[in-house]
Amino acid sequence: MILSKLAGRPVLLAAGLVAALVLPWFVYPPVALDIVCWALFAAAVDLLLGFTGLLSFGHAAFWGGSAYATGLIALHSGLPFPVAVLGGAAFAAALAVPIGFLSVRLRGIYFAMVTLAFAQMVYFIANQWRDATGGENGLQGIPRELFGLDLSDPFFFYYAALPFILGGLFAAWRIVRSPFGRVLMSIRDNPNRARALGYGIDRYKLLAFVLSAALSGLAGGLFTVGHGFASLQGVYWTTSGQAVMMVVLGGIGTLWGGAIGAALIVELNDYLATAGFEETGIITGAIFIVVVLLFRRGVWGTARDLVAARASRARPAPDNEGTKVEASV
Amino acid sequence: MLQQAFNGLVGGAFYALLALGLAVIFGMLGVVNFAHGAFYMLGAFGSFVLLDSFGVNFWLALLIVPVVLGIAGVLLERLFVHRLAPLDPLYNFLFTFGLALILQDLVKRGYGVQSQPYPRPSALDGSIDLGLFTYPTYQVFVLAVSVLVCGAVWVVLTRTRVGMIVRAATERPELSRALGIDVARWVTPVFGFGIALAGFAGVLAAPMRAVNPLMGSDLIITVFAVVVIGGLGSVFGSVAAGFAVGLVSALGNYYVPSLSQTLVFILMAAVLLWRPAGLFGREEAL
């Protein structure tokens, strides 16, 4: 019982907050920023995958689309970075409306393929519309300053960006805990029942899709300002895959698990890059396969189940083979 | 203009071959194979390596590579895909995504990102006079072969006993099982066959397209759009949509070059608005 109380929210939330606050003291600051940006991106993807039962393989469109929008606003308007970043998130949300409208009517694997295809369309547009996006060169020299305050030092920019990341994570958490989130979960578990109860499930799914896109856009915008450039890499489909990979590694349907997945993957990629190993797909792909084959609950999900099992040792542990997505099919 | 249409059909031949493999694998196993493009790439690299290191010519490669990849596909299905099959289809999608990353980066590590040269087989060098215009012989050959292969698969599926079983198991696996058909026995060879087709397309692509590790990853997204347009469960729809998309993109490229790459996705959006299950898909498949 004590353990299960320890696993309760306040302690863990405080631990997570402390970890986020001290991260750039222990990790190279640009990498720390990457971790928190990807953590928010992963949470946004999990909002759909884990809580609505929709695997989006096209969220690069929102992360990368917002990267361009944020970069363009910051470059051409001279407005401070928070405005640019929020503008990017709004752009991502607006982009998600038509894409979501067409996609949410499809289920499971169809949804994944169609979102992937739409994201690729965004990629091609970004690639060809050179006047606006810079094509292969991307957008460069995106300013990092706030009312004359120079934030080009990654260490300081990390703390300037952190409130937005935490705000985004809090929003995701509130969405999941809200009555709206409960409806999403009921759609995930049994769409027909949710419809029979009178919920317009496509409208709920679309709203979840747009919210998820806005949070992804927020993360992508902060990532872009932090690095000072936006590139085609951000809208490429491997970016979508990477976010899904972090969610699966951390644990689908756990929201916080994505942050752990993000930290592990970003650190791994950074380590491999410093070691001069460019073909990171060999390692990350292998990890992904192992997780999908043997470890489907992910790091966070497994840890949570272990704690829960210990707390209720008297009763046999529930058989949770597979994760919550399965309920969606 | 007519020549553009012909270009489109040749491009569509690759879409059709890949979409056909994807469709039979999906129909039989319910698996969307993300690694399909990677196997296409392996097919092209396989023929390059066979020629470069062993002096094996194009015609033998056209035979050897699909067989080897087909066997690899059978092993893959037995060892991994099979285990994930009872779970949510998303897990196999994610599994094959990881596999695609590994295959692509393994080849990249071995050969770099530069394109490898592959000469046209001497018998198919030069061009043919098609009456209205002359056209490279090799491209005509590709088109003919892929039409032939798709046609042969069609005949096997509709006219033979094996085809009947596969179609039955594809469209109504539960009912087929209830009627005493051992669906599980056909799943593995069908998976291997789909992979072999992707490899076959790769060998065909080697002499006319750049052989590099990334050649499959961009193509596969377009092929996904193709099968969505055709209807994911429909073999006929996938092939027809493959050629149609090739044709539309080539003509689009001719008239509105700036739209060339996005046209197929615009087409997909339009089809989805009109028929969410694809042109030849069944609504219930959603």
Extreme residue, nearest to A:Leu151 (Cα to Cα), among residues of region A:79-115 that are of a type outside the set (D, E, K, R) and part of a loop (DSSP other than H, G, I, E, B): A:Pro80
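Conditions tested, residue by residue: (1) open to solvent by 40 Å² or more (accessible area, probe 1.4 Å); (2) without any contact (Cβ under 8 Å) to a residue 24 or more places away in the chain; (3) over 23 Å from the mean Cα position of the chain (by Cα); (4) facing another protein chain (nearest Cβ under 7 Å).
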residue: A:Phe101; (1), (2), (3), (4): yes, no, no, no
residue: A:Met113; (1), (2), (3), (4): no, no, no, yes
residue: A:Ala117; (1), (2), (3), (4): no, no, no, yes
residue: A:Ala126; (1), (2), (3), (4): no, no, no, no
From the list B:Gly126, B:Gly151, B:Gly163, which residue is free of Cβ contacts under 8 Å to residues at least 40 places away in the same chain and either within 14 Å of chain A (Cβ to nearest Cβ) or in contact with a Leu (Cβ under 9 Å, 6 or more places away or on another chain) (or both)? B:Gly163
Any idea which of B:Leu132, B:Leu87, B:Leu106 is more than 22 Å from the chain's Cα centre (by Cα), closer than 30 Å to A:Leu55 by Cα and either free of Cβ contacts under 8 Å to residues at least 40 places away in the same chain or outside any helix (DSSP H, G or I) (or both)? B:Leu87
Looking at region B:248-270, which of the residues that are surrounded by fewer than 20 Cβ atoms within 10 Å (Cβ to Cβ) and touching a residue at least 40 places away in the same chain (Cβ under 8 Å) is nearest to the other protein chains (Cβ to nearest Cβ)? B:Asn253
Return the residues of region B:65-81 that are more than 8 Å from every other protein chain (Cβ to nearest Cβ) and either open to solvent by less than 30 Å² (accessible area, probe 1.4 Å) or free of Cβ contacts under 8 Å to residues at least 24 places away in the same chain (or both); say none if nothing qualifies. B:Val65, B:Pro66, B:Leu69, B:Gly70, B:Gly73, B:Leu75, B:Leu76, B:Glu77, B:Leu79, B:Val81
In region A:200-238, how many are more than 17 Å from the chain's Cα centre (by Cα) and hydroxyl-bearing (Ser, Thr, Tyr)? 2
Could you figure out which of (1) over 17 Å from A:Phe57 (Cα atoms); (2) in a helix (DSSP H, G or I); (3) not charged (D, E, K, R) isn't true of A:Leu249? (1)
Quick check: is even one residue across region A:213-224 part of a helix (DSSP H, G or I), out of contact with any strand residue (DSSP E or B) (no Cβ under 9 Å at 6 or more places or on another chain), of a type outside the set (Gly, Ala, Ser) and without any contact (Cβ under 8 Å) to a residue 24 or more places away in the chain? no
Every residue in region B:148-182 that is among the polar types (S, T, N, Q) and either assigned to a helix (DSSP H, G or I) or open to solvent by 90 Å² or more (accessible area, probe 1.4 Å) (or both), please. B:Thr158, B:Thr170, B:Ser176
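The values are calculated or read from the model by the stated rules, or taken from the named source; none is laboratory data. Note that the structure is a prediction, hence the values are computed from the model and not measured. Because the Cβ atoms are built from the backbone with ideal geometry, glycine has one as well, and the counts that use them run over all protein chains shown. The protein model used for the area step is the full one, side chains on, heavy atoms only, and it has no ligands, DNA or RNA in it. Shrake-Rupley method; radii C 1.70, N 1.55, O 1.52, S 1.80 Å.
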